[in-house]
């Protein structure tokens, strides 16, 4: 099963070193580094899938789901509420986020139904 987590994500502005505009589309795959409450430094980078069915608010913030691209070898403990993370494009930090809730969805292997689960999770907050 591919666990995922609900997170609040904020895209960095150009002035903060971020992108000109956030990526378009529902799904975005990139590298992420994590920092839990017990870690002093950011983790090594892990490939992360970010899904965002809602538009950004005026502050550049959006509720997303995150899950590891290869969960079999990933540190799933980073999907714990309170863990902070940053999204990277190369060495450039483009977004920051915080895990707010972990989920274990019952979806088929190709991810069908994930958007409906995200909508449900957003409204359960």
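The values are calculated or read from the model by the stated rules, or taken from the named source; none is laboratory data. Remember, it's a predicted structure, so these values are computed and weren't measured experimentally. Heads up, the Cβs are rebuilt from the backbone with ideal geometry, glycines too, and the neighbour counts pull from every protein chain shown.
Every residue, every condition in (1) in contact with a helix residue (DSSP H, G or I) (Cβ under 9 Å, 6 or more places away or on another chain); (2) in a strand (DSSP E or B), yes or no:
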site: 47; (1), (2): no, yes
site: 63; (1), (2): yes, yes
site: 77; (1), (2): no, no
site: 82; (1), (2): no, no
site: 101; (1), (2): yes, yes
Within the range 1-35, can you find the residues that are within 18 Å of residue 68 (Cα to Cα), in contact with a strand residue (DSSP E or B) (Cβ under 8 Å, 6 or more places away or on another chain) and either modelled with pLDDT under 85 or not in a strand (DSSP E or B) (or both)? 2, 3, 26
Quick check on my filter: what residues within the range 49-60 are farther than 14 Å from residue 94 by Cβ and in a strand (DSSP E or B)? 49, 51
When the range 51-61 is checked residue by residue, the ones that are more than 12 Å from residue 96 (Cβ to Cβ), surrounded by 14 or more Cβ atoms within 10 Å (Cβ to Cβ) and either modelled with pLDDT of 90 or more or touching a strand residue (DSSP E or B) at 6+ places or on another chain (Cβ under 6 Å) (or both) are 51, 52, 56
Taking the condition of being free of Cβ contacts under 8 Å to residues at least 12 places away in the same chain, over 14 Å from residue 56 (Cα atoms) and surrounded by 10 or more Cβ atoms within 10 Å (Cβ to Cβ), how many residues in the range 14-30 meet it? 1
